[in-house]
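Participant: Below: one structure in structure tokens.
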Amino acid sequence: MLYLVPSPIGNLQDMTYRAVEVLRQADLLLAEDTRTSSRLLQHYQITKPVTPYHQHNEHKVVHHLVDQLKAGKIMALLTDAGTPGVSDPAFLLVRECIRAEVRVECLPGATAFVPALVDSGLPMHRFAFEGFLPPKKGRHTMLTQLAEEERTIVFYESPLRLVKTLEELATYFGQERPCCVSRELTKMFEENKRGTLAEVAAYFKEKGVKGEIVVVVGGKQ
């Protein structure tokens, strides 16, 4: 049995009772970053074997993990923040488990783009989640296509690239396109900056950027 366990995107109190219980019952915990997960486990006084599972080793270890699952082990997969598989490792392991007829269950819980979308004030009845934009190859093509998207669009971005990305979006989508940048969601210094792409880019260019970032952009009207 494989459980995908969402972890808090900031506030450690955002774990569900069920998620904590699953972590306590699992035979082995898989962690994207064992240092990050150790803080969560210490907070809930959970002592379990933890092994790394991330994008750099998943192809090497996936079949070994599936063999252990087929033998009856219960595993829980944790990523650094949010739901495994949403711009985080999980897909490969889930796919191989399904092929091997190993039961997979994803618990409901934290993911950054949902509160950012709701906080944005932009239409949310239809939206497109794009994760991280390609850093180079395919970026121009994707931005050209997304400029015609009529649904609200949600991106993840690093603080180091935020201003550049906002300026690029303004070039492709138009400077007056509405947007909202959410950072440090659920943490003490949470901020939701709303305005046009040009306004929000200028704001963060002057202020500087820290924390985890979600960008929500209105669709083409």
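Participant: In the range 130-152, how many residues are under 14 Å from Ile213 (Cα atoms) and surrounded by 15 or more Cβ atoms within 10 Å (Cβ to Cβ)?
Facilitator: Here is the first cut: in the range 130-152, the residues under 14 Å from Ile213 (Cα atoms) are 130-133.
If we keep only those that are surrounded by 15 or more Cβ atoms within 10 Å (Cβ to Cβ) too, we end up with 130, 133.
Count: 2.
Participant: Given the conditions (1) out of contact with any helix residue (DSSP H, G or I) (no Cβ under 8 Å at 6 or more places or on another chain); (2) free of Cβ contacts under 8 Å to residues at least 12 places away in the same chain, report the number of the one that His54 does not fulfil.
Facilitator: Among (1) out of contact with any helix residue (DSSP H, G or I) (no Cβ under 8 Å at 6 or more places or on another chain); (2) free of Cβ contacts under 8 Å to residues at least 12 places away in the same chain, the lone unmet condition for His54 is (2).
Participant: Then there's this: Considering only residues that are over 25 Å from Gly82 (Cα atoms) and open to solvent by 80 Å² or more (accessible area, probe 1.4 Å), which ones fall in the range 165-190?
Facilitator: Start the filter on the range 165-190 by keeping residues that are over 25 Å from Gly82 (Cα atoms), which leaves 167-178.
Answer for the range 165-190, where residues must be over 25 Å from Gly82 (Cα atoms) and open to solvent by 80 Å² or more (accessible area, probe 1.4 Å): Thr171, Gln175, Glu176.
Participant: How many residues does the range 191-221 hold that are open to solvent by 60 Å² or more (accessible area, probe 1.4 Å) and over 28 Å from Ser7 (Cα atoms)?
Facilitator: The qualifying residues number 7.
Participant: Hey, any hits in the range 139-150 for a residue that's part of a helix (DSSP H, G or I), within 20 Å of Pro8 (Cβ to Cβ) and not acidic (Asp, Glu)? Let's see the steps before the verdict.
Facilitator: From the range 139-150, those part of a helix (DSSP H, G or I) are 139-146; that's our starting set.
Subsequent filtering for residues that are within 20 Å of Pro8 (Cβ to Cβ) retains none.
Taking every residue of the range 139-150 in turn, none turns out to be part of a helix (DSSP H, G or I), within 20 Å of Pro8 (Cβ to Cβ) and not acidic (Asp, Glu).
Participant: Which of the numbered conditions does Lys205 fail, given that it passes all the others? Conditions: (1) assigned to a loop (DSSP other than H, G, I, E, B); (2) over 16 Å from Pro115 (Cβ atoms).
Facilitator: It fails just one condition, (1).
Participant: Also, I was wondering about something else. Restricting attention to the range 62-99, and to residues there that are of a type in the set (Gly, Ala, Ser) and in contact (Cβ under 8 Å) with a residue 12 or more places away in the chain, which single residue is nearest to Thr36 (Cα to Cα)?
Facilitator: First, the residues of the range 62-99 that are of a type in the set (Gly, Ala, Ser): 71-72, 76, 81-82, 85, 87, 90.
Checking which are in contact (Cβ under 8 Å) with a residue 12 or more places away in the chain leaves us with 76, 81-82, 85, 87, 90.
Values: Ala76: 15, Ala81: 9, Gly82: 12, Gly85: 17, Ser87: 17, Ala90: 17 Å.
Among those residues, the one meeting the criterion is Ala81.
Participant: For the range 110-136, which positions are on the phi < 0 side of the Ramachandran plot and part of a loop (DSSP other than H, G, I, E, B)?
Facilitator: Filtering the range 110-136 for residues on the phi < 0 side of the Ramachandran plot gives 110-120, 122-130, 132-136.
Result: Ala110, Thr111, Ala112, Leu122, Pro123, Met124, His125, Arg126, Leu133, Pro134, Pro135, Lys136.
Participant: Tell me which of these Phe155 doesn't satisfy, since it passes every other one: (1) under 23 Å from Thr83 (Cβ atoms); (2) open to solvent by 10 Å² or more (accessible area, probe 1.4 Å).
Facilitator: (2)
The values are calculated or read from the model by the stated rules, or taken from the named source; none is laboratory data. Values in this document were obtained by computation on a predicted structure and should not be read as measured data. Reconstructed Cβ throughout: ideal geometry from the backbone, glycine too, with neighbour counts over all protein chains shown. For accessibility, only protein heavy atoms count, side chains too; no ligands or nucleic acids. Shrake-Rupley method; radii C 1.70, N 1.55, O 1.52, S 1.80 Å.
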